[in-house]
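Enquirer: Below is a structure I'd like to ask you about.
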Amino acid sequence: MTLALAGLLSVPAMAATPWPGPTKAPAKAPLAQKDQTKALLQFQKDLASVLALRTESEPLLGAALLARPLTNPPEVLSYHALLERASRNADAGPQVTWARLADCEAKAGNCPNTEALDALEKQAPDNAAVWLLKLGVDEHNGASDAVRADLARAAGAKLYDDYLGASLKALANSVSQLPPPADTFNPLQGAGAAGVQMVIVFGLASGQPLPGFQATAKYCEENKTDAGVTADCLKLAKVLEWGSSPLGRSLGLHLRETLSPDSSDQQSAKNARLNLIWQMQRFAQLNVQAQGDKATAQKLLALARSGGTEMSVILASLRAYGIPPEAPAGWEPAKVEK
């Protein structure tokens, strides 16, 4: 989630596509880093193997997320096979279907998984995240009429949830099944096993599919002279502001700041967006702190296991360390190096 910071500082920096690939180590990474990465992947494979014996949807979702970055895993440990098993469970919800969006091949041009997207439209029709995901796909395909319809559906939705909180919970409950081997530890950091677990949980969760935020911002901006479009964009902004995601909240505040006809409303959105950046930067600092402090790593893992949304985990983390959610008077965000 710390990688989401750049997107909070500028809407154009948000993910342009809703199907990011799994993160890989740099091609010329130092030998020690490559060895640690190899050990982490083996540990993830071992965890997935243990979890694959379960039948409930949540541990199978956790196993799938752990297995996703693996190279040529056994078929029973493939992302596809584990999610297929999870989706057949009576307790499987849209969070499993959302993860299935990434069960595709970007190079083959078949992402996101169309079957999963079709299923989500039926499974979670009142979730704006579903329609913003479809908006990104339709915009990519040049289907302008469909994009307009997607915006209207998103604006009329009751909530926004991209299920990252559910992925965090599944992963946080999964990584404790086995103790991390010593070769997964970074010798220069002092958080030990909890630090390893935290890196896996927050790192893998942040690789889940994202809706078409940039496409939405672009569409609203390019059609701001259309009263109907602007009205829907402002309705959507309210849904996003109270949604599960800091990136979604950032887009909602951006839309209100740039499209609202009321100057006081614009200023209110600007102030709220500044507070959001403050919250994310403080949370990023807690992530860094957790790498060297076992107690902080354990606290963040416990909050991830408690469930909720990405945004609720962030705010709960700040409260746990006495960090106010509002930026101090006169505070300005640290610049992100380019």
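The values are calculated or read from the model by the stated rules, or taken from the named source; none is laboratory data. In this text, all values refer to a predicted model and were calculated from it rather than measured experimentally. Note: ideal-geometry Cβ built from the backbone for every residue, glycine included; neighbour counts use all protein chains shown. Surface accessibility is based on the protein's heavy atoms, side chains included, excluding ligands, DNA and RNA. Shrake-Rupley method; radii C 1.70, N 1.55, O 1.52, S 1.80 Å.
Enquirer: Please check the chain for the longest run free of GluC sites (Glu not before Pro) that are loop-located per DSSP (anything but H, G, I, E, B) and have at most 16 other Cβ atoms within 10 Å. Each step should come with its number before you reach the end.
Expert: Values: sites that count: Glu56, Glu105, Glu326, Glu337.
The reported range is 106-325.
Enquirer: Now for a different question. Per residue Cα convex hull volume for the stretch 149-267, in cubic angstrom?
Expert: Details: hull volume 16.1 nm³, N = 119.
Given the Cα convex hull of the stretch 149-267, per-residue volume reads 135 Å³.
Enquirer: Please work out the average accessible area per residue across the stretch 112-171, using the 1.4 Å probe convention, and give it in Å².
Expert: 40
Enquirer: What is the packing order of peptides 263-273, 193-203, taking the mean over residues of other C-beta atoms within 10 Å and listing the highest first?
Expert: Details: 263-273: 14.8, 193-203: 22.5.
The densest-packed peptide leads the list: 193-203, 263-273.
Enquirer: Roughly how many percent of the accessible protein surface of the stretch 204-321 is carbon and sulfur, given a 1.4 Å probe and a whole-percent answer? Walk me through the numbers on the way to the answer.
Expert: Details: 2420 of 4720 Å².
The value for the stretch 204-321 is 51 percent carbon and sulfur by accessible area.
Enquirer: Send over a whole-number figure in Å² for the accessible area per residue of the stretch 202-260, probe 1.4 Å. Spell out each step's value before the answer.
Expert: Working: 2070 Å² over 59 residues.
Solvent-accessible surface per residue comes out at 35 Å².
Enquirer: Additional query: So, with a 1.4 angstrom probe, what is the percent of accessible area on the stretch 56-187 that is carbon and sulfur? Show your work: numbers first, answer last.
Expert: Values: 2820 of 5690 Å².
Percent of accessible area from carbon and sulfur atoms in the stretch 56-187: 50.
Enquirer: Here's a follow-up. Would you please give the residues with an amide H less than 5 Å from that of Leu159, counting only those at least 5 places away or on a separate chain, with H modeled from the backbone geometry?
Expert: Ala128
Enquirer: While we're here: Given a cut-off of 17 Å, what percent of all Cα-Cα pairs of the stretch 77-153 lie beyond it?
Expert: Values: 1380 of 2926 pairs.
For the stretch 77-153, the fraction of Cα-Cα distances above 17 Å is 47 percent.
Enquirer: For all pairs of alpha-carbon atoms in the stretch 216-316, what percent lies in each bin of width 5 Å, listed from the first bin to the last filled one?
Expert: All Cα pairs, binned at 5 Å, distribute as 2, 13, 19, 19, 14, 11, 9, 7, 4, 2, 0 percent.
Enquirer: Follow-up question, since we're still on this one. Rounded to the nearest 20 debye, what is the charge dipole size of the chain about its Cα centre when +1 sits on each Lys and Arg Cβ and -1 on each Asp and Glu Cβ?
Expert: Details: 32 positive and 33 negative charges, 161 e Å.
Taking the Cα centre of the chain as origin, the dipole is about 780 debye.
Enquirer: A further question on this structure: In vacuum, with every alpha carbon of the stretch 177-245 counted as one equal point scatterer, what does the Debye formula give for log10 I(q)/I(0) at q = 0.13, 0.17, 0.19 Å⁻¹? Two decimals, please.
Expert: So the normalised log intensities work out to -0.60, -0.72, -0.81.
Enquirer: Return the subset of Lys122/Lys235; Lys169/Lys235; Lys34/Lys134; Lys235/Lys270; Lys122/Lys169; Lys45/Lys294 for which the Cα-Cα distance in this structure is over 27 Å, preserving the input order. Could you put the intermediate results ahead of the total?
Expert: On the way: Lys122/Lys235 22 Å; Lys169/Lys235 30 Å; Lys34/Lys134 37 Å; Lys235/Lys270 17 Å; Lys122/Lys169 24 Å; Lys45/Lys294 24 Å.
Distance filter (> 27 Å) returns Lys169/Lys235; Lys34/Lys134.
Enquirer: In whole Å, what are the extents of the chain along the principal axes defined by its C-alpha atoms, from largest to smallest?
Expert: Answer, in whole Å and largest first: 59, 47, 39 Å.
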